[in-house]
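The values are calculated or read from the model by the stated rules, or taken from the named source; none is laboratory data. The shown structure was predicted, so the numbers you read here are calculated from the model rather than taken from an experiment. Using ideal geometry, Cβ is built from the backbone for each residue, glycine included, and neighbour counts are taken over all protein chains shown. Quick note on the areas: whole protein, heavy atoms, side chains included, nothing else; ligands and nucleic acids left out. Shrake-Rupley method; radii C 1.70, N 1.55, O 1.52, S 1.80 Å.
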Amino acid sequence: MGAGIALVEEDGTFRFINQNGAEAHGRDRTEIIGSRMHDLFPKEIADWQLARVREVIETGKEFSEESKIMINDGWQWYSTNLQPYRNAEGECVAALVIAQDITEHKLAQEKILASEGRLKAIVDSTDDLILVVNTEGKFTYTKVTDASEKLYADPKEFLGKNIAELVPEEIASEFLAHLEVIKKTGESRQMDYCLEMGGENHWYSARLSPLYYEDGSLEGVTVVAREITPQVLSNRALKNERDFSNSILRTANSLIVCLDKKARIKIFNDECERVTGYKREEVLGQSWPDLFLPAGYQHDGLTDFEKWVKNNPHGRYEGPIITKFGDVRTILWSNSAIFDPASGEVTAIAIGQDITMRKKIEDAHRKSEKKLRTQFKNFPIPSYTWRKEQDDFVLAEFNDSASKITDGKISKFLGKKLSVMYKDRPNYIANINKCYEGKSTFIDETEYKYISTNKKRYLLVTYSYVPPNQVMIYTQDVTPLKQAREDKIRTAKDIAGGFAHEIRNSLFPAKGALSLMEKGKNGNGQGEERHKKYLRITRQSIEKAIDITNQISLYTRMESEYFPEKVNLCSLINKVISSNQLAIEKIRAKVSFGGAKDVEAQSNTRQLYQVLNNLLLNSIDALTKSPEPAILLNWKQIDSSIILDFTDNGVGIPEENLQRVFDAFYSTKPDNGTGIGLAMVKKIIEMYDGEVSVSSKLGKGTTFRLKLKPA
């Protein structure tokens, strides 16, 4: 009888069965088509058959087996093949079952196996481990070539023992589960397992086949086990190597493409996806030239790609590709080919780097270089280019301004070595080396004597590194500026120092003489009182003049007393307020302050004390006529600055005077002020990279804001 063929859905419904299949079940085709397995067969058999059908539908994989089935009150053997059946959308919706009656063959086979002599000959001839286990899980027969390697103990010790007594629990449980299936279905089972022996793992593949008595009843199972340790280890190593290669291939930051002999895409890695915009699934099997090459780059060799690859197995070139979005990218390719002598197949491998941006930068660089050379030539500041050559530099280029300032004589030094031209100027050589080695830009002010003209000038020299091997130097003549600056400083110091010196020398003797006059006697009591009054006024004037000269002297030498240190604001403000407590109580002023105790400014304790003291004295003077005099100090750190607000509710400062309050010798209190206090405040604050500002409203009060640098 021919093979029975049926199409069975996931719920067990027969959608088709041929005549052979219907006859094998002793039914008409019309009875079977449209019916379910459970309507036609005993539940146990229907469950077993439906499970196989569903397995094929769910996995989409073919399944084959030999099974013994009760049909028409008799056992029959079938060789069954189940194949996935897919609809037009490619979905697996049913299983195509092809069954061939092999009962006669199996009966003949069983008769052959029943022959004990022949069976023993077959068993003895195999190198596999052969065991017989009865239906209770006990060993009844063992055959092993080398027991020390194959089993835990001597094979004789296995006989009569249950498998659970001899092997690990998980292996015994799996074996007994297979045994139960064999009892129910009569089908053979495959089992792979691992045993630890001698501190090493050994893998085995075992075939469990039903063993029957002559009357057809199940005696147990025959276990044919073969050690597969080398294959397992080899497969694992191969898988690891394959996974590693695939990982490198997929994650490499280069484009990797493999083409077959017809230039069809076989491999397309992640970087290819990123650069081209195509997904791997969109391009596999597609023609590389048709999909990616512009028309002008499709050469004749592509018509017979296999021949072209064989003639050009290696190559390196730049070329364009067209992305999914129509952009053109430039790729630097490195090509190679693999030839399989057995099959004659050829595979072209191309590894590429996307250099589109680099090409654009290079093009922009060329244009920029041309533009910069024109600008360099016409740059109004004398400029020179030194190029690194081995351990020295040579003068490579100069601009028109450099030629002009040297009366054209610089041209004769073109190509000359730095070490020769400036052998007596080590600082100049050191600066060029410093710029080149540090790949940096810096400025140096120096006195310079031109070799070409012998002129001595003060220059502001800018050293700038220019990749890959040049140092460009710009020289700005600051001789007039330097001389003017030095003259101004010298004049200011002379005037201030001379003024202070002369005033001090003149007033100290006057003060001494008046003191002697005060001690003199006069008979007229009234005249004597008047005389003392005048003396007191004179002494006060002299003391004020001396105070002015001291402040002028201090003001002029302020920059030479730059001694930065950490200053705790809270502590210093407490000291200033304590020092002026009597003056504060005299005007009954309320003084309050607030801010973090740990805030520290970069300043100088003595000088910042002077700043705060001057501001406090100014506030006290402004509050003498205030009904409720108050002074408020608040400080806080904001980002990289400390803000200190010094506020009073005094008379305020007229708006037209706000711009001049920090000018030296300017004062709104001609009777009391010296005009130096706020000027010193500004100078001290700015000397330590700070800022000071003022805001005021007449009749409302004044706020001085100090912006200090944190320590």
Inset, instruction - From Asp354, Asp290, grab the single residue that is in contact with a Ser or Thr (Cβ under 8 Å, 6 or more places away or on another chain) and within 27 Å of Asn246 (Cα to Cα). - result: Asp354
Legend entry - Count of region 39-60 residues which are acidic (Asp, Glu), in contact with a Lys or Arg (Cβ under 9 Å, 6 or more places away or on another chain) and farther than 14 Å from Gln83 by Cβ: 1
Inset, instruction - Determine whether region 299-318 contains at least one residue that is outside any helix (DSSP H, G or I) and surrounded by 15 or more Cβ atoms within 10 Å (Cβ to Cβ). - result: no
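Of all residues being within 19 Å of Val661 (Cβ to Cβ) and in contact with a helix residue (DSSP H, G or I) (Cβ under 6 Å, 6 or more places away or on another chain) in region 635-650, which is surrounded by the most Cβ atoms within 10 Å (Cβ to Cβ)? Just the residue, please.
Asp648
Restricting attention to region 372-386, report how many residues are hydrophobic (A, V, I, L, M, F, W, C) and modelled with pLDDT under 85.
3
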Legend entry - Residues of region 217-272 satisfying the condition of being among the small types (Gly, Ala, Ser) and either assigned to a strand (DSSP E or B) or farther than 23 Å from Asn335 by Cα (or both): Ser217, Gly220, Ala225, Ser234, Ala237
Inset, instruction - Sort out which residues of region 247-271 are at pLDDT 90 or above and among the β-branched types (Val, Ile, Thr), and write them in order of number. - result: Ile256, Val257, Ile265, Ile267
Legend entry - Lone qualifier among Leu623, Leu632 - being within 25 Å of Leu582 (Cβ to Cβ), in contact (Cβ under 8 Å) with a residue 12 or more places away in the chain and open to solvent by less than 20 Å² (accessible area, probe 1.4 Å): Leu623
Inset, instruction - Considering only residues that are open to solvent by less than 30 Å² (accessible area, probe 1.4 Å) and within 36 Å of the chain's Cα centre (by Cα), look in region 272-293 and name the one that is nearest to Ile248 (Cα to Cα). - result: Cys272
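For every residue, the table says whether it meets (1) in contact with a Leu (Cβ under 9 Å, 6 or more places away or on another chain); (2) open to solvent by 60 Å² or more (accessible area, probe 1.4 Å).
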position: Leu166; (1), (2): yes, no
position: Glu169; (1), (2): no, yes
position: Ser188; (1), (2): yes, no
position: Glu196; (1), (2): no, yes
position: Gly199; (1), (2): no, yes
position: Tyr204; (1), (2): yes, no
position: Arg207; (1), (2): no, yes
position: Gly220; (1), (2): yes, no
position: Ile228; (1), (2): no, no
Legend entry - Any chance Lys590 is in contact with a strand residue (DSSP E or B) (Cβ under 7 Å, 6 or more places away or on another chain), open to solvent by 70 Å² or more (accessible area, probe 1.4 Å), modelled with pLDDT of 90 or more and farther than 13 Å from Phe704 by Cβ: yes
Inset, instruction - Would you confirm whether any residue within region 381-399 is open to solvent by 30 Å² or more (accessible area, probe 1.4 Å), under 30 Å from Arg485 (Cα atoms), in contact with a Ser or Thr (Cβ under 8 Å, 6 or more places away or on another chain) and touching a residue at least 60 places away in the same chain (Cβ under 8 Å)? - result: yes
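Taking region 236-258, which residues are within 14 Å of Gly352 (Cβ to Cβ) and among the β-branched types (Val, Ile, Thr)?
Result: Ile256, Val257.
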Inset, instruction - Select, from Glu397, Glu362, Glu369, Glu389, the only residue that is within 41 Å of the chain's Cα centre (by Cα) and either at pLDDT 90 or above or on the phi > 0 side of the Ramachandran plot (or both). - result: Glu389
Inset, instruction - Out of the residues in region 117-141 that are assigned to a loop (DSSP other than H, G, I, E, B) and among the charged types (D, E, K, R), state the one that is modelled with the lowest pLDDT. - result: Asp127
Inset, instruction - Considering only residues that are in a strand (DSSP E or B), touching a residue at least 40 places away in the same chain (Cβ under 8 Å) and among the charged types (D, E, K, R), look in region 690-707 and name the one that is surrounded by the fewest Cβ atoms within 10 Å (Cβ to Cβ). - result: Lys697
Legend entry - Every residue from region 275-292 that is outside any helix (DSSP H, G or I) and touching a helix residue (DSSP H, G or I) at 6+ places or on another chain (Cβ under 8 Å): Tyr278, Lys279
Legend entry - Any hit, region 676-685, residues being part of a loop (DSSP other than H, G, I, E, B) and at pLDDT below 90: yes
Inset, instruction - Inspect region 326-348 for any residue being outside any strand (DSSP E or B), touching a Gly at 6+ places or on another chain (Cβ under 9 Å) and exposed (fewer than 15 other Cβ atoms within 10 Å of the Cβ) and give the result as yes or no. - result: yes
Legend entry - Filter result (more than 55 Å from the chain's Cα centre (by Cα) and either outside any loop (DSSP other than H, G, I, E, B) or of a type outside the set (Gly, Ala, Ser) (or both)) within region 620-636: Ile620, Asp621, Ala622, Leu623, Thr624, Lys625, Pro627, Glu628, Pro629, Ala630
